[in-house]
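Asks: Please read through the structure below; I'll follow up with questions.
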Amino acid sequence: MEFTAQQIADYLNGEVIGNKDITVNDFSKIEHGASGTLTFLSNPKYMPHIYTTKADVVLVDTDFVPEREVSATLIKVKSAYSAIGKLFGLIESFKPQKNGISEKAYVAKSAKLGKNVYVGAFTTIGENAVIGNNVKIHPNTNIDDNVEIKDDSVIYTNVSICYGCVVGSRNIIHSGAVIGADGFGFAPDEQGFYNKIPQIGNVVLGDDVEVGANSTIDRATIGSTVIGDGVKIDNLVQIAHNVEIGNHTAIAAQAGIAGSTKVGKHCVLAGQVGIAGHLNIADRTVLGAQAGVASHIKAEGQIFQGSPNIPVGNFRRSSVVFKQLPDLLTKIYQMEKRIKALEAKKMKYKDILSN
Amino acid sequence: MEFTAQQIADYLNGEVIGNKDITVNDFSKIEHGASGTLTFLSNPKYMPHIYTTKADVVLVDTDFVPEREVSATLIKVKSAYSAIGKLFGLIESFKPQKNGISEKAYVAKSAKLGKNVYVGAFTTIGENAVIGNNVKIHPNTNIDDNVEIKDDSVIYTNVSICYGCVVGSRNIIHSGAVIGADGFGFAPDEQGFYNKIPQIGNVVLGDDVEVGANSTIDRATIGSTVIGDGVKIDNLVQIAHNVEIGNHTAIAAQAGIAGSTKVGKHCVLAGQVGIAGHLNIADRTVLGAQAGVASHIKAEGQIFQGSPNIPVGNFRRSSVVFKQLPDLLTKIYQMEKRIKALEAKKMKYKDILSN
Amino acid sequence: MEFTAQQIADYLNGEVIGNKDITVNDFSKIEHGASGTLTFLSNPKYMPHIYTTKADVVLVDTDFVPEREVSATLIKVKSAYSAIGKLFGLIESFKPQKNGISEKAYVAKSAKLGKNVYVGAFTTIGENAVIGNNVKIHPNTNIDDNVEIKDDSVIYTNVSICYGCVVGSRNIIHSGAVIGADGFGFAPDEQGFYNKIPQIGNVVLGDDVEVGANSTIDRATIGSTVIGDGVKIDNLVQIAHNVEIGNHTAIAAQAGIAGSTKVGKHCVLAGQVGIAGHLNIADRTVLGAQAGVASHIKAEGQIFQGSPNIPVGNFRRSSVVFKQLPDLLTKIYQMEKRIKALEAKKMKYKDILSN
């Protein structure tokens, strides 16, 4: 399909700067571009490419003011990133929808399925499971006994939703994710042998949650591990038993949160962050990549980095000094020698000032 | 079901302090509590909640002495954490047991299955596999050719136990774990191309091992990657080829151990720890979260943190100074100036003491 | 099967030093060894074991010169590690090959399968998938619609190859890997709610790529996430959307690369390395374990460690000083006191030198 710049601008409530009639039929990345394609500029790192891109149409934020001539036609929108997302969503909506229960699936008789449900081949739906309307469960996935999945959620391939867990509405659970494996709880005896503490709680995912590929969210020891509404979890993330994540928090890949920690709302955890157990992390906390948190964070809206975490500006300045430590050590030893020399110094008459 | 405090105390060999006849029919977390529920106090961080919890019965360690009035009935037991585990186990034992071979499973004719085995839908049992008595293999799991699984083990969903690996008795393998994928072994040639070294060994898990969701334990190049008895492995842990883990070692989530390293007995690896290859780690070593170990640890029972790892006390003190490094740098430069000034200093007559 | 040292040397183009007629029928690790076995010496850390190994035959590099008597027969080859790999490959080639389409697999009618393909039980091959010759797809795996897998690739169990992704020739994809889950892309609105940016690109794996167990490679937002020829990826690695990895780069376990970063050719990323998004990493860069990279690396062939990454020698020296920081702090305070004392110091007549 081909669209004019004006047609796209109309769909996005945007304004065309340039040739309204130019047509595009595909997308491209701004650094490559290609004739007949549309691209977008959102991350300022890619700004220089707007002057050289071969794309014919570029979505830009309304406040974008070119510093020199741009040959492409621009469409100004409130948020170029959101707008491109809207266009991608349009494209996705043309992909054929999966529907119906595969003959090669296994659905327990006691399970209740809503309308317009898809269950792929070799997917198991356990006893007493409750599957909402428009839920799409792709092949090779296991929905265990007593699980509830609310309306409009998508569960991809090779996922395990374990016994009694609850998935909210409009969730997307990516391939290989495990929701509700046992928490890591053991009572060591006198000989240091570990006795398993059975984990009798579950996991409850709010609405509009996304869980990345191969991420793991453990069931609670008692009660529920709770993931708030709108929480977005990337790949290979570990969330331990009885953790609670506040609404609209984003957690990047390979981050891990230990047991019973409560993370606030609207927090951002970058990749490979670790948070110890039994902590409270205030709302709108931002943790830089690889940060390690071992104590409560009480004030809201702070940005940390490092392990143990310190304010990000401090971390950056300290890291600069870290690099200089060997030189600094040499300097200190030299200074010490000079102090020693000064302490031993005897004055000569000629060095004494008369007043 | 409802039990009195006394009935529970009898089951746990505990002592009731308070109302022996009060009844509970559910569990709660101490910080929430609820009328009609039982909770426990084990982690001292939660101590303050015992004075305010709404739970009617609280399991406490025998040495617990309240600092002020507790309205709940207490049951004193040797270990409150173990005792609650025993109660949870009782609850779990009422859950319906899975049994029998699903018609939708595939079991190779040459496989040998013990008594009272469960094989879920869409689970594959390969050629010559040997499955012990009371083994429960949940749906969507692959037990490859020549695998042995000993008595009373539980294998959850979407697990891969690869060719020729051995799972001990009473193991619990959580969803998505991969036991016996190829080790990461390549011989680079002159052009820097990697030639694969086939990995012809296997993985041998001891008895009472637990492997967390989506963890990976690679097969040995030659011989076996060996996980000792009673080892507990959390989620998303990586154990490379030819690693050996001593008995009763616990490994928290997202830790990784590189090839051929030998970890001792009764060690504790916290979350996101990394250990390089070809190292020996002494018994009872404790590695704090995110520690990175690049050399042998020879003395037993030490606690380390940091990357590279240093004794934990040292790490904490050094981390405090790390935070101050920019100020320290300023101070050092100022001190240097002062030394320079002192070196250039000339004395005035009036500043000379007569004796 | 039993072979003489001479037969093995002939197969490997090696030279026997010692008893040409001694026979072996198994492999062993050099530190254990055993009569009747062959082992190899490649990593110099294991050198001492060659003098005590009980193996009868040891493969060594041509430049190996024993420092004292070796009782085993040696076979000198260009690369002992490559040579043992060649022998292991020979052993592997005797393992029965899997072939044919399992009756318990599901293959969409529109899928095209090459010659000599294996599709295991409970594996799904989606619509319009194109599977090359000699491709082996093990049980419980999902090959989604419009996926292409080129000749001679092996896909193990519980793998997800998602919609429209391309797997090159001679790839090995280990169990639980997820190729082509959605990238982590969201546009936050004014309230801090995240709106999903649909990810309409794919993943393209080059030839001779190996992807480890439970690793995840996300599909591109637009275009392709590209893994070059000969790239070797270990377990639990995260590769985000629109990342490009140059040919013959090796990535160890639990490393993570954030979105749109371009890693050069022949790079080595050790375990638990993290690289931030939108960066360029030069060819032949080596990143030590747990390194964290937050800015471009422009010069080729450098070795880094630390987070943020600094040159490895610098990191090691700085780490030594880090350990001493508390002592250094004490020293600095003491020095400051001494400076203060010097500044206040008044001279005695007897300490004044006459010349």
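The values are calculated or read from the model by the stated rules, or taken from the named source; none is laboratory data. The shown structure was predicted, so the numbers you read here are calculated from the model rather than taken from an experiment. Heads up, the Cβs are rebuilt from the backbone with ideal geometry, glycines too, and the neighbour counts pull from every protein chain shown. Surface areas here come from the heavy atoms of the whole protein model, side chains and all, with no ligands, DNA or RNA. Shrake-Rupley method; radii C 1.70, N 1.55, O 1.52, S 1.80 Å.
Asks: Does segment A:304-312 contain at least one residue that is in contact with a helix residue (DSSP H, G or I) (Cβ under 7 Å, 6 or more places away or on another chain), more than 30 Å from A:Val263 (Cα to Cα), modelled with pLDDT of 95 or more and facing chain B (nearest Cβ under 9 Å)? Let's see the steps before the verdict.
Replies: Step one: filter segment A:304-312 for residues in contact with a helix residue (DSSP H, G or I) (Cβ under 7 Å, 6 or more places away or on another chain), giving A:304-306, A:308, A:310.
This time we only want the ones that are more than 30 Å from A:Val263 (Cα to Cα), so: none.
Among the residues of segment A:304-312, not one is in contact with a helix residue (DSSP H, G or I) (Cβ under 7 Å, 6 or more places away or on another chain), more than 30 Å from A:Val263 (Cα to Cα), modelled with pLDDT of 95 or more and facing chain B (nearest Cβ under 9 Å), which makes the answer no.
Asks: Could you say which residue among C:Ile222, C:Ile217 is outside any loop (DSSP other than H, G, I, E, B) and away from chain B (no Cβ under 11 Å)?
Replies: Values: C:Ile222 fails: outside any loop (DSSP other than H, G, I, E, B).
Going through C:Ile222, C:Ile217 in turn, just one is outside any loop (DSSP other than H, G, I, E, B) and away from chain B (no Cβ under 11 Å): C:Ile217.
Asks: Taking segment C:281-295 on its own, how many of its residues are within 11 Å of another protein chain (Cβ to nearest Cβ) and out of contact with any Cys (no Cβ under 9 Å at 6 or more places or on another chain)?
Replies: Our first condition is that a residue be within 11 Å of another protein chain (Cβ to nearest Cβ); within segment C:281-295, this holds for C:283-284, C:288-294.
Imposing the further condition that a residue be out of contact with any Cys (no Cβ under 9 Å at 6 or more places or on another chain) reduces the set to C:288-294.
Looking only at that region, the number is 7.
Asks: Same structure, new question: Within segment B:1-45, how many residues are touching a residue at least 40 places away in the same chain (Cβ under 8 Å), among the basic types (Lys, Arg) and open to solvent by less than 40 Å² (accessible area, probe 1.4 Å)?
Replies: So the count comes out to 0.
Residues checked against (1) under 21 Å from B:Gly313 (Cβ atoms); (2) not assigned by TED's automatic domain parsing to the domain that holds C:Gly256:
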site: C:Gly306; (1), (2): no, no
site: C:Ser318; (1), (2): yes, yes
site: C:Asp327; (1), (2): yes, yes
site: C:Ile332; (1), (2): yes, yes
site: C:Met335; (1), (2): no, yes
site: C:Arg338; (1), (2): no, yes
site: C:Glu343; (1), (2): no, yes
site: C:Lys346; (1), (2): no, yes
site: C:Ile352; (1), (2): no, yes
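Asks: Going by the conditions given, is C:Ile197 within 9 Å of another protein chain (Cβ to nearest Cβ), among the β-branched types (Val, Ile, Thr) and touching a helix residue (DSSP H, G or I) at 6+ places or on another chain (Cβ under 6 Å)? Write out each step before concluding.
Replies: Numbers: within 9 Å of another protein chain (Cβ to nearest Cβ): yes; among the β-branched types (Val, Ile, Thr): yes; touching a helix residue (DSSP H, G or I) at 6+ places or on another chain (Cβ under 6 Å): yes.
The answer is yes for C:Ile197.
Asks: Applying the selection to segment B:334-355, what residues are within 7 Å of another protein chain (Cβ to nearest Cβ), in a helix (DSSP H, G or I) and farther than 14 Å from A:Leu353 by Cα?
Replies: Of segment B:334-355, the ones within 7 Å of another protein chain (Cβ to nearest Cβ) are B:335-336, B:338-339, B:342-343, B:346-349, B:351-355.
Those left that are additionally in a helix (DSSP H, G or I): B:335-336, B:338-339, B:342-343, B:349, B:351.
Scanning segment B:334-355 gives B:Met335, B:Glu336, B:Arg338, B:Ile339, B:Leu342, B:Glu343.
Asks: Follow-up question, since we're still on this one. For segment C:195-218, give me each residue that is open to solvent by 20 Å² or more (accessible area, probe 1.4 Å), touching a strand residue (DSSP E or B) at 6+ places or on another chain (Cβ under 7 Å) and charged (D, E, K, R).
Replies: If the condition is that a residue be open to solvent by 20 Å² or more (accessible area, probe 1.4 Å), touching a strand residue (DSSP E or B) at 6+ places or on another chain (Cβ under 7 Å) and charged (D, E, K, R), then C:Lys196 is the only one that fits.
Asks: Would you check which residues across segment C:227-265 are of a type outside the set (D, E, K, R) and not in a loop (DSSP other than H, G, I, E, B) and list them?
Replies: Our first condition is that a residue be of a type outside the set (D, E, K, R); within segment C:227-265, this holds for C:227-228, C:230-231, C:233, C:235-243, C:245-261, C:263-264.
Matches in segment C:227-265: C:Ile227, C:Ile233, C:Gln238, C:Ile239, C:Ile245, C:Ala250, C:Ile251, C:Gly256, C:Ile257, C:Val263.
Asks: Of all residues in segment B:93-118, count the ones that are modelled with pLDDT of 95 or more and either not in a loop (DSSP other than H, G, I, E, B) or not polar (S, T, N, Q) (or both). Step through it out loud before you land on a result.
Replies: The initial filter retains those residues of segment B:93-118 that are modelled with pLDDT of 95 or more, namely B:100-118.
Among the residues that remain, those that are also either not in a loop (DSSP other than H, G, I, E, B) or not polar (S, T, N, Q) (or both) are: B:100-101, B:103-109, B:111-115, B:117-118.
Looking only at that region, the number is 16.
Asks: Follow-up question, since we're still on this one. Going through segment A:138-150 one residue at a time, which ones are free of Cβ contacts under 8 Å to residues at least 24 places away in the same chain and open to solvent by 10 Å² or more (accessible area, probe 1.4 Å)?
Replies: Answer for segment A:138-150, where residues must be free of Cβ contacts under 8 Å to residues at least 24 places away in the same chain and open to solvent by 10 Å² or more (accessible area, probe 1.4 Å): A:Asn146, A:Glu148.
Asks: Quick test for you: out of B:Ser93, B:Ser82, pick the one residue that is without any contact (Cβ under 8 Å) to a residue 40 or more places away in the chain, of a type outside the set (Val, Ile, Thr) and over 30 Å from A:Phe122 (Cα atoms). Before you say what the answer is, go through the steps one by one.
Replies: Values: B:Ser93 fails: over 30 Å from A:Phe122 (Cα atoms).
Just one listed residue meets the conditions, B:Ser82.
Asks: Being open to solvent by less than 10 Å² (accessible area, probe 1.4 Å) and of a type in the set (A, V, I, L, M) is true for just one of B:Val107, B:Val65, B:Val119. Which residue is that? Before you say what the answer is, go through the steps one by one.
Replies: Working: B:Val107 fails: open to solvent by less than 10 Å² (accessible area, probe 1.4 Å); B:Val65 fails: open to solvent by less than 10 Å² (accessible area, probe 1.4 Å).
Matching residue, one of B:Val107, B:Val65, B:Val119: B:Val119.
Asks: Kindly list the number of the only condition in (1) outside the structural domain of C:Leu205 (by TED's automatic domain parsing); (2) at pLDDT 95 or above that fails for C:Ser71.
Replies: All conditions pass for C:Ser71, except number (2).
Asks: On to the next question. I want to confirm something. Restricting to segment A:69-92 and keeping residues that are of a type in the set (A, V, I, L, M) and part of a helix (DSSP H, G or I), which single residue is most open to solvent (accessible area, probe 1.4 Å)? Spell out how you get there, then give the answer.
Replies: First, pick out the residues of segment A:69-92 that are of a type in the set (A, V, I, L, M): A:70, A:72, A:74-75, A:77, A:80, A:83-84, A:87, A:90-91.
Then keep just the ones that are part of a helix (DSSP H, G or I); that gives A:80, A:83-84, A:87, A:90-91.
Values: A:Ala80: 0, A:Ala83: 10, A:Ile84: 0, A:Leu87: 15, A:Leu90: 54, A:Ile91: 71 Å².
Across segment A:69-92, the extreme among qualifying residues is A:Ile91.
Asks: Please state which of the following conditions B:Thr330 fails to meet, knowing it meets all the rest: (1) crowded, with 20+ Cβ neighbours inside 10 Å; (2) within 12 Å of chain A (Cβ to nearest Cβ).
Replies: (1)
Asks: Those residues that are part of a strand (DSSP E or B) and free of Cβ contacts under 8 Å to residues at least 12 places away in the same chain, I need them from segment C:275-333; list them, please.
Replies: Residues of segment C:275-333 that are part of a strand (DSSP E or B), as a first pass: C:275, C:280-281, C:286-287, C:292-293, C:297, C:303-305, C:310-311.
Within segment C:275-333, C:Ile310, C:Pro311 meet the criteria.
Asks: Kindly indicate whether B:His248 is open to solvent by 10 Å² or more (accessible area, probe 1.4 Å), at pLDDT 95 or above and at the interface with chain A (Cβ under 9 Å from one of its Cβ atoms).
Replies: So B:His248 passes the test.
Asks: Check off (1) in the same structural domain as B:Val211 (by TED's automatic domain parsing); (2) over 30 Å from A:Asn235 (Cα atoms); (3) within 29 Å of the chain's Cα centre (by Cα); (4) open to solvent by 30 Å² or more (accessible area, probe 1.4 Å) for B:Val135 and give me the number that stays unchecked.
Replies: Evaluating B:Val135 over (1) in the same structural domain as B:Val211 (by TED's automatic domain parsing); (2) over 30 Å from A:Asn235 (Cα atoms); (3) within 29 Å of the chain's Cα centre (by Cα); (4) open to solvent by 30 Å² or more (accessible area, probe 1.4 Å) leaves (4) as the failure.
Asks: For segment A:179-194, check the following and say yes or no: at least one residue is over 24 Å from B:Tyr81 (Cα atoms) and out of contact with any Pro (no Cβ under 6 Å at 6 or more places or on another chain).
Replies: At the first step, the residues of segment A:179-194 found to be over 24 Å from B:Tyr81 (Cα atoms) are A:179.
Then drop every residue that is not out of contact with any Pro (no Cβ under 6 Å at 6 or more places or on another chain), which leaves A:179.
Among the residues of segment A:179-194, at least one is over 24 Å from B:Tyr81 (Cα atoms) and out of contact with any Pro (no Cβ under 6 Å at 6 or more places or on another chain), which makes the answer yes.
Asks: Out of segment A:138-150, which residues are in a strand (DSSP E or B) and within 12 Å of another protein chain (Cβ to nearest Cβ)?
Replies: Narrowing segment A:138-150 to residues in a strand (DSSP E or B): A:142-143, A:148-149.
Hits for segment A:138-150 are A:Asn142, A:Ile143.
Asks: Moving on to the next point. Report the residue count in segment A:178-194 for those that are out of contact with any strand residue (DSSP E or B) (no Cβ under 7 Å at 6 or more places or on another chain), more than 8 Å from chain B (Cβ to nearest Cβ) and at pLDDT 95 or above.
Replies: Count: 0.
Asks: Given C:Gly192, C:Gly223, C:Gly168, which one is of a type outside the set (Val, Ile, Thr), under 22 Å from the mean Cα position of the chain (by Cα) and surrounded by fewer than 24 Cβ atoms within 10 Å (Cβ to Cβ)? First the steps, then the outcome.
Replies: Details: C:Gly192 fails: under 22 Å from the mean Cα position of the chain (by Cα); C:Gly223 fails: under 22 Å from the mean Cα position of the chain (by Cα).
The conditions single out C:Gly168.
Asks: Moving on. From the list C:Ser153, C:Ser160, pick out the single residue that is hydroxyl-bearing (Ser, Thr, Tyr), away from chain A (no Cβ under 13 Å), buried (at least 22 other Cβ atoms within 10 Å of the Cβ) and under 16 Å from C:Glu210 (Cα atoms).
Replies: Working: C:Ser160 fails: away from chain A (no Cβ under 13 Å).
Of the residues listed, the single one that is hydroxyl-bearing (Ser, Thr, Tyr), away from chain A (no Cβ under 13 Å), buried (at least 22 other Cβ atoms within 10 Å of the Cβ) and under 16 Å from C:Glu210 (Cα atoms) is C:Ser153.
Asks: Then there is this: Taking segment A:122-181 on its own, how many of its residues are of a type in the set (Lys, Arg) and either touching a Gly at 6+ places or on another chain (Cβ under 8 Å) or farther than 25 Å from C:Gly126 by Cβ (or both)?
Replies: Of segment A:122-181, the ones of a type in the set (Lys, Arg) are A:136, A:150, A:170.
Checking which are either touching a Gly at 6+ places or on another chain (Cβ under 8 Å) or farther than 25 Å from C:Gly126 by Cβ (or both) leaves us with A:150.
Matching residues across segment A:122-181 total 1.
Asks: Give segment B:34-52 a look and list any residue that's in contact with a strand residue (DSSP E or B) (Cβ under 6 Å, 6 or more places away or on another chain) and either within 12 Å of another protein chain (Cβ to nearest Cβ) or among the polar types (S, T, N, Q) (or both), or say none.
Replies: Result: B:Thr37, B:Leu38, B:Thr39, B:Phe40.
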